[in-house]
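Enquirer: Here it is, the structure, as structure tokens.
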Amino acid sequence: MSVATHDDAHAHDHHDHGPAKGFMRWVTTTNHKDIGTLYLITGLIMFFVGGAMALVIRAELFEPGLQYVDPHFFNQMTTLHALIMVFGAVMPAFAGLANWMIPMMIGAPDMALPRMNNWSFWLLPFSFVMLASTLFMDGGAAAAGWTLYPPLVLQTGNALPFTVFTVHMLGMSSIMAAINIIVTVFNMRAPGMTMMKLPLFVWTWVITAFLLIAVMPVFAGAVTMLLTDKFFGTSFFNAAGGGDPVLYQHLFWFFGHPEVYILILPSFGIISSIIPTFSRKPLFGYASMVYATSAIGLLSFIVWAHHQYTVGMPLAGELYFTYATMLIAVPTGVKVFNWLATMWKGAMTFETPMLFAIAFVVLFTMGGFTGLMMSISPADLQYHDTYFIVAHFHYVLVPGAVFALFAATYYWLPKWTGHMYDERLGQLHFWLTTISVNICFFPQHFVGLAGMPRRIPDYAVQFAEFNAMSSVGAFVFGFSQLIFAYVIYKAIQGGEKATSEVWEGAEAHGLEWHLSSPPPYHSWTVAPEKEIISDLH
Amino acid sequence: MKKTLQLLTSFWSVIWGVAYAETGTGTGVGWGALNLPAGVTPDSHDIHDLHMTILWICVAIGVLVYGILIYSLIHHRKSKGVEPAKFHENTVLEVVWTIIPFVILIAMAVPATKVMMKVYDTSESEMSIKVTGYQWKWRYEYLTDGLGKGIDFFSSLDAKSNEARQLGSKIDPSTVDHYLLNVDNPLVIPANKKIRILLTAADVLHAWWVPEFGWKKDAIPGFVTDGWIKVEQPGIYRGQCAELCGRDHGFMPIVVVVKSEAEYKQWVAEQLGKKEANKPDISKSLTLEELNAKGKEVYAANCAACHMPNGEGMAGTFPAIKGSKVATGPIADHVKMVLHGKAAMPAFKDQLNDVETAAVVTYQRNGFDNNKGDSIQPADIQAYK
Amino acid sequence: MGVNIMVESEHDADKGEKTIILRPNGSLSRRQALALLAFCGLVMGAVGFFCFLVGAWLVLPFSGLEWLLLAYCLHLSLKQSQQREVIIITDSLVQVEKGRYRPEQTYQFQRAWVMLDWMQSPIQGRPSRLALKLHGKEVEIGRFLVESERQALARELKVLLG
């Protein structure tokens, strides 16, 4: 009868979870941080791939006339650019942040279902290889826009089934990630971490995950029906066989509208973490932020047809979707006002994450304004399918979602790597990006209003000046992102050691700042003290 | 309120030098192309006013939000030595900024509803025109007795723009009149008549949009959508297809020539007369050379966009004519394919007359190294219709 | 369910028995999980049914499959948190029962001879390991506990067995 307490370096290999070595570490990993890193790197790579496609588009549009590419190839570029940026860059990047941060933020050692986590990531590289390979098939890649509207999409050559399978695989990946997040947040919270204590990033991701599982089956069903229409003689969307091409649009946007919120809600969470830290004040209106996010999530299900004001819906439908869509401005406004109130009477400093967060608030609000304008159905009869729309959704997605991702990367990079990033390069990246993104997208409001339709490879000469300007902005923006990649590389390689708190006073803003930088391989094997949790803002 | 808005609008126009109301095409030129055109129909004026109203409301909210933000950024920074406040909620404030936007929205919804009801009211129209979208041209059919019934034609990108827009054409688009916004046969309508536009499509989705008329609407295969216009001023108005419809989506413009009622009547008479005079003489027998020469023109105008000028098509999407089973197989199947179409191949029986059909079939069988040597006469086409 | 207490001790003075129950952290009760599933099923079912009504019946199988996956994942995670380890210490015996809902494995040690083995990981931040050992027979306990709880448990056992 004795108690032995000793250190033993050999006896516990069979249950200890240090990283395996080399390439296989990444293939077989079930660790939330490893998988988060994989997601983030994939997101960054696809951001450059999709960006290169955008530069093909902007090069062709630099001046009137066709200089570089065939219109059919141009259409493939617009289609793939969108699919890759949405499903390849922004969604994986958010999933990466969720994997890294959620267990750390809720006081859990890992995600609830680590093996499924591994599968949900490894589906991605295969689907993107498949999607890219469609470019080299007979007839080229899908060229009907990311919305894949029939009947046009049925004219795609051999690429159609591969594009649809890609969508299925990406959908499966997202669903598994979403389910994992839901189960983790509901079942793995540390004692004391009640739902209304969750950081907003976790809240926004939970709502995002619910949106994902609610709408993904609709998208999967819709694209499957495209396949059966093409190959098995069904007529879901074929008027000649008793179907309706507009039905596809309803299905697509029933998925697609929540999908655009899937791309923006986690950004709201990120911004709501960063602004309080650098304002040195608690977040204003935490509860109303949670309710506003939930309201936006709910509203996203009942507004889909505002993407279809021009398909000839009955008047009552047009008016209903107008009113419902306008309502979204209320909770969105609440969020912006809350951010302003958080900064108000704070003691702000302007490190790179804060700069991107402020730019997010300013420029996302711009996108919000044009969104409000487009919700008005009669006005949208003019705006629809013009560059005004292109400007709108790029304002919410680039200075919106992508800026939030930049901000999040700079904010948590010291936590992940244990090294501070190069602040001077970060600021340079910020200014170049913010200026060029406006040069790129602001003029598109004007050409859109003046009558330039979207998705055209060539345009009338009166649009030349603004398009040239836009292309210049796009190229500066594109190449500025190399700085971003370099800053990340440099921080991984080394640099000033980061403390566990990283940012002054950050400890009060989240559990992750109580872990070392970099954090242990398994996050909270030492449970966070209840006092820490109850002291969080 | 409305007066102030108009004042602000004209102020906006002055500072930016907006020229949209003055140019013939109305879409403005160069740096001046900044805003929605005020338009030439009642709908377009309403929509323009609505647009300006929302725009100014957004500007006002923007000034407030950005003003507060900028004030905060200047005064509430750590380098000023301020102590951060501790507050994190204020119920009154939160209720206020939920309710005020709600009220503003209702104020926006009321005019929006009114305008939408007007846009949707196609009743009491005086004439109707059916517009059909094809890959990649428009077809206009006049449906109203005495106001052009019987006129039916296709309208596609004019030859000059078409030449200049080819990849590597080396033609400077600025030397082409109304580059990409000009057609061979414009739609002609009378001024000051309420015209109902019925829209449909033959193959894929298209959308018919002339910005000066204030709206666009999708043309959907198998379905009919509609809208109305009543153009106040004679003139020429230009627009484009606004729904992605494939390779040449950017190259199927819309040109509408609006004439005074008298001139319109004259135009209708001319058209109907011409139609009678130009009725193809299908009884006449044509030589192989005549058919081939005519067929080459028809091919360039109707087939080359998909099957390519060299007849090699696009692998996977558009089959080649060169060496194809159809063009080298039985002539009956070939004619049926052209007349009735199949899947993505449109039916040409309404687009081509018998002479053109015979010519293009003959040309496809003899050109592109197919060298079949056979031909078909216009008189024989009717049997396959 | 006492989700906040991962280590429960009971002392029965009459029998001279001491019982320690270990359970992993689980912030979701079975009932809440069912409510969550029902809610998701309702929403997804409604969406699928609505699609079915407008002619897009192919959405339904996808909704169904996804709901099943969600149910399976919740089940797995809950199963994980249903794990129990019961350590019963009497005058002569130390008994460890492991299982879900009922003891599935039982280990018995002579109280007089059993050794408590508590190994720190050589790498900082990794979990330690706590085991009972006797004559080459070894059973790990409290693997699913977080570090501070394992520490407390180790201390308690040390006192009880020492």
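Enquirer: Cut-off is 10 Å between beta-carbons; in what order do B:Asp333, A:Asp229, B:Asp226 appear when sorted fewest neighbours first?
Expert: Listing B:Asp333, A:Asp229, B:Asp226 from fewest to most nearby Cβ atoms yields B:Asp333, B:Asp226, A:Asp229.
Enquirer: Using Cβ counts within 10 Å as a stand-in for footprinting exposure, how do B:Asp49, B:Asp121 rank, fewest first?
Expert: Placing the least packed residue first, the sequence is B:Asp121, B:Asp49.
Enquirer: Hey, another quick one. Per the helix-only calculation at 222 nm, which mean residue ellipticity applies to chain B, given -39500 (n - 2.57) for every DSSP H run of n ≥ 4 and division by its residues, nearest 500 deg cm²/dmol?
Expert: Only helices count here, giving -12500 deg cm²/dmol.
Enquirer: Which value in deg cm²/dmol, rounded to the nearest 500, describes the helix-derived mean residue ellipticity at 222 nm for chain C, given -39,500 (n - 2.57) per DSSP H run of n ≥ 4 and division by the residue count? Provide the component values of the computation, followed by the final result.
Expert: Values: 3 runs with 62 residues, N = 162.
The helix contribution divided over chain C gives -13000 deg cm²/dmol.
Enquirer: Next question, about the same structure. Under a 10 Å cutoff between Cα atoms, tell me which one of B:Leu181, B:Leu205, B:Leu93 has the largest fluctuation in the Gaussian network model of chain B.
Expert: Maximum fluctuation in the GNM of chain B, among the listed residues, is at B:Leu93.
Enquirer: Moving on to the next point. Go through region B:96-112 residue by residue and turn each phi into a ³J(HN,Hα) via Karplus (6.51, -1.76, 1.60, θ = phi - 60°); whole Hz please, and just put x for glycine and proline.
Expert: Whole-Hz 3J(HN,Hα) from phi for region B:96-112: 4, 7, 8, 7, 4, x, 4, 5, 4, 4, 4, 4, 7, 5, 4, x, 4.
Enquirer: Follow-up. Among all the aspartates and glutamates, which ones have a C-alpha under 19 Å from A:Lys335's C-alpha, if same-chain residues fewer than 8 places away are not counted?
Expert: Within the straight-line limit of under 19 Å, A:Lys335 reaches these aspartates and glutamates: B:Glu89, B:Glu94.
Enquirer: Another question about this same structure. Less than 20 Å apart at the alpha-carbon level, and either on another chain or at least 8 residues along: which lysines does that give for B:Lys265?
Expert: Output for B:Lys265: B:Lys130, B:Lys149, B:Lys193, B:Lys194, B:Lys230, B:Lys274, B:Lys275.
Enquirer: In what order do A:Lys497, B:Lys149 fall by count of nearby beta-carbon atoms within 10 Å, going from fewest to most?
Expert: Working: A:Lys497 10, B:Lys149 15.
With the sparsest Cβ surroundings first, the list reads A:Lys497, B:Lys149.
Enquirer: Over chain C, with a Gaussian network built from C-alpha contacts below 10 Å, which listed residue (C:Glu140, C:Glu104, C:Glu149) shows the highest mean-square fluctuation?
Expert: C:Glu104
Enquirer: Then there's this: Cross-link candidates for C:Lys133: which aspartates and glutamates have Cα within less than 17 Å, leaving aside residues fewer than 8 places away along the same chain?
Expert: Straight-line reach from C:Lys133, under 17 Å: A:Asp7, A:Asp8, C:Glu85, C:Glu97, C:Asp117, C:Glu156.
Enquirer: Now for a different question. In whole Hz, with x marking every Gly and Pro, tabulate ³J(HN,Hα) for region A:466-476 from phi via Karplus 6.51 cos²θ - 1.76 cosθ + 1.60, θ = phi - 60°.
Expert: For region A:466-476, the Karplus curve yields 5, 5, 4, 4, 4, 5, 4, x, 4, 5, 4 Hz.
Enquirer: Still on this structure: Would you be so kind as to identify all helices of chain C, as entire DSSP H runs, whose Cα atoms reach 24 Å or more along the helix's own axis and whose mean Kyte-Doolittle hydropathy is at least 1.0? Show your work: numbers first, answer last.
Expert: Working: long enough: C:30-53 (33 Å, 1.62); C:59-81 (33 Å, 0.91).
Span-like helices, by this rule, are C:30-53.
Enquirer: Around B:Ala201, which amide H atoms from residues at least 5 apart in sequence, or from another chain, sit under 5 Å from its own amide H, with H modelled in the peptide plane?
Expert: Close amide H contacts, sequence-distant or interchain: B:Gly133, B:Ile220, B:Gly222, B:Phe223.
Enquirer: Using a Debye calculation, one point per C-alpha and no hydration shell, please list log10 I(q)/I(0) for region B:211-323 at q = 0.10, 0.17, 0.18, 0.21 Å⁻¹ in order.
Expert: Scattering profile of region B:211-323, log10 relative to I(0): -0.57, -1.15, -1.16, -1.17.
Enquirer: Same structure, new question: Compute the signed sum of charges (Lys and Arg +1, Asp and Glu -1) over the other residues within less than 10 Å, Cβ to Cβ, of B:Lys118.
Expert: Residues near B:Lys118 contribute -2 overall.
Enquirer: Another one. Using only DSSP helix segments of four residues or longer, with each worth -39500 (n - 2.57), what per-residue ellipticity at 222 nm results for chain A after dividing by its residue count and rounding to 500?
Expert: Numbers: 19 runs with 341 residues, N = 537.
Calculated from helices alone, the mean residue ellipticity at 222 nm is -21500 deg cm²/dmol.
Enquirer: With θ taken as phi - 60° and the coefficients 6.51, -1.76 and 1.60, list the Karplus ³J(HN,Hα) couplings across region A:55-72 in order, rounded to whole Hz; mark glycine and proline as x.
Expert: Those phi angles translate into 6, 4, 4, 5, 5, 5, 8, 4, 9, x, x, 9, 9, 10, 10, 5, x, 5 Hz.
Enquirer: How much length is gained if the chain between B:Ala159 and B:Ala293 is pulled fully straight, taking 0.36 nm per residue apart and subtracting their Cα-Cα distance, in nm to one decimal? Present the calculation step by step, with values, prior to reporting the outcome.
Expert: On the way: separation 134, 0.36 × 134 = 48.24 nm, distance 1.82 nm.
Full extension from B:Ala159 to B:Ala293 adds 46.4 nm.
Enquirer: Hey, can you grab everything whose amide H is under 5 Å from the amide H of B:Val188? Only 5+ residues off in sequence or another chain; H modelled, so Pro and N-termini drop out.
Expert: B:Val257
Enquirer: If you take every residue apart from A:Ala82 with its C-beta less than 12 Å away from the C-beta of A:Ala82, what net charge results, scoring Lys and Arg +1 and Asp and Glu -1?
Expert: Spelling it out: positives minus negatives among the neighbours equals +1.
Enquirer: With chain C treated as a Gaussian network of Cα nodes joined by springs under 10 Å, which of C:Gln105, C:Gln151, C:Gln95 yields the largest mean-square fluctuation?
Expert: C:Gln105
Enquirer: Next question. If Lys and Arg each add +1 and Asp and Glu each add -1, what is the summed charge of the other residues whose beta carbon sits under 14 Å from the beta carbon of A:Trp122?
Expert: Details: positive: A:Arg25, A:Arg115; negative: A:Asp34.
Every neighbour counted, the sum reads +1.
Enquirer: Quick one: of B:Lys137/B:Lys279; B:Lys322/B:Lys342; A:Lys281/B:Lys78; B:Lys137/B:Lys216, which pairs are farther than 20 Å apart, Cα to Cα?
Expert: Where the Cα-Cα span goes over 20 Å, the pairs concerned are B:Lys137/B:Lys279.
Since every read-out is calculated from the coordinates, none of them should be taken as a lab result. Keep in mind it's a predicted model, so treat the numbers as computed, not measured. In this analysis, Cβ positions are derived from the backbone assuming ideal geometry, glycine residues included, and neighbour counts consider all displayed protein chains.
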